[in-house]
Amino acid sequence: MTVVLLHALAATPAMWSEVDAGPSALAPDLYRLGVGTPSLDTVADGLARLLDAAAVDRAVLAGCSLGGYVAMAFLRRRPDRVSALALLGTRAAADDEGTAARRLGFAARVTDPVAGPALTAATTPLLLGRTHRERLVGRVGAMARAVAPEDVAWAQRAIAARAASYDVLAAFDRPAVVLVGEEDELVSPDDARAVAAALPRGRLEVVPAAGHLLPVEAPEVVTKVLAELAEEVA
C-alpha cells in the first residue's frame with residue numbers, strides 16, 4: 001500500500017526524511033501541484049495527476065498542517081482513492097474572519113524583500129514545541145528559507161479560502177488517525193479532538209513533548225502510526 005506524505009506550510013518534503021513509510025511512499029512538493037488562483041482544490045487535482053502518473057489507484061494519505069488540508073480537499077474530490085487517513089497538526093474547521101485576515105496579511109508581507117525574511121525568522125520557532133525547539137530550530141529554519149516566499153503566500157491564501165471539512169470526514173468510513181503535539185502552539189488538542197470526533201473510525205493520539213511538526217519532532221511516533229494504519233488497511 002502506497003503512503004503519500006503531504007508536507008506542512010513553510011516546509012518541504014524533507015520534513016518526512018526520518019519517517020519510514022515503506023518503500024513505495026511518495027512525498028510530493030505541494031507547491032508544484034497548485035496552479036492559478038490559490039485553492040486547495042487545484043493542489044488536490046495535481047495530487048490526483050501525480051498518483052495517475054505513478055500508477056497508484058488508492059493510497060494512504062498522511063498530511064501535516066497544510067498537508068492535512070490538502071488531504072481533506074483530495075478526500076472531498078476523490079474519496080474512492082483514499083484507503084486510510086492520517087491528519088497531523090491540522091483542523092477541520094474553516095478559518096474565521098480574523099484568522100483568514102491574519103493569513104492574508106502574512107501572505108502580503110512574506111514576499112516583501114525586507115519584511116519577509118524577518119517574518120519567517122520570527123514565526124519559524126512556533127512550528128516546534130518547547131522540548132525540541134532549541135535542537136531543531138536551525139534545521140526547520142533552513143527548510144523554511146528554502147521555500148520561495150511566493151509559494152508560501154500562495155499556500156496561505158489557499159488555506160484562508162478553504163471550506164470546513166467536517167462533512168467530508170463524517171462520510172469517510174475507513175481507518176483514520178489524528179495526531180497532535182501536546183506542545184503544538186498552532187493547533188490545540190481540542191481542535192484535533194474535533195477532527196477525530198468527525199471521523200467514524202477516527203482515533204486521536206496526543207504526542208507528548210512535541211509541537212506542530214510531528215514528522216520532525218517525533219518521527220518514531222509517526223512511523224509507528226503509519227505502520228499501524230497500513231496494517232489495518234491490509
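The values are calculated or read from the model by the stated rules, or taken from the named source; none is laboratory data. The structure presented is a predicted model; accordingly, all values stated were derived computationally and were not measured. Using ideal geometry, Cβ is built from the backbone for each residue, glycine included, and neighbour counts are taken over all protein chains shown. When the accessible area is computed, the model is the full protein with side chains, heavy atoms only, and any ligands, DNA or RNA have been set aside. Shrake-Rupley method; radii C 1.70, N 1.55, O 1.52, S 1.80 Å.
For the chain, adding -39500 (n - 2.57) for each run of n ≥ 4 DSSP H residues and dividing by the number of residues yields -14000 deg cm²/dmol at 222 nm. Considering only the other residues whose Cβ falls under 12 Å of the Cβ of Tyr31, what net charge follows from Lys and Arg at +1 and Asp and Glu at -1? Local net charge: -2.
Find the relative contact order for the chain and round it to a whole percent, using C-alpha pairs within less than 8 Å whose residues are 6+ positions apart.
Relative contact order, the chain: 24 percent.
For the pair Asp112 and Arg49, label points projected 7 Å from Cα toward Cβ lie 3.4 nm apart.
The heavy atoms of Trp16 offer some 10 square angstrom of accessible surface to a 1.4 angstrom probe.
Computed with a 1.4 Å probe over protein heavy atoms only, the accessible area of Glu150 comes to about 110 Å².
Computed in the context of the full set of protein chains, the accessible area of the chain at 1.4 Å probe radius has 55% of its extent on carbon or sulfur. Taking the square roots of 5 times each eigenvalue of the Cα gyration tensor of region 62-126, largest first, gives ellipsoid semi-axes of 29, 13, 11 Å. Tyr69 sits with roughly 10 Å² accessible to a 1.4 Å probe, with DNA, RNA and ligands left out of the calculation.
Couplings for region 166-174, taken from phi via the Karplus curve 6.51 cos²θ - 1.76 cosθ + 1.60 with θ = phi - 60°, read 4, 5, 5, 5, 4, 8, 9, 9, 9 Hz in order; Gly and Pro are left as x. Shape verdict for the chain, please, from the Cα gyration tensor: rounded (a/c under 1.5), prolate (a/b greater than b/c) or oblate. Rounded. Amide H contacts under 5 Å for Ala209: Glu182, Glu183, restricted to partners 5 or more places along the chain or on a different chain, H placed in the peptide plane at 1.01 Å from N.
From the Kirkwood radius over Cα pairs of region 15-134, Stokes-Einstein at 4 °C and 1.567 mPa s returns a whole-number translational diffusion coefficient of 79 µm²/s.
Relative to the compact-globule estimate of 2.2 N^0.38 Å, the Cα radius of gyration of region 128-234 comes out at 1.20. Oblate is the label for region 154-215, because a/c, from the alpha-carbon gyration tensor with a ≥ b ≥ c as root eigenvalues, is 1.5 or above and a/b does not exceed b/c.
Here the Gaussian network model covers the chain, with springs between Cα atoms less than 10 Å apart; of Phe106, Phe172, Phe74, Phe106 fluctuates the most. Averaged over its residues, the chain has an accessible area of 42 Å² per residue, based on protein heavy atoms and a 1.4 Å probe.
Couplings 3J(HN,Hα) of region 39-51, computed from phi: 7, 5, 5, 5, 5, 4, 5, x, 5, 4, 5, 4, 5 Hz, in residue order, whole Hz [Karplus 6.51 cos²θ - 1.76 cosθ + 1.60, θ = phi - 60°; x for Gly and Pro].
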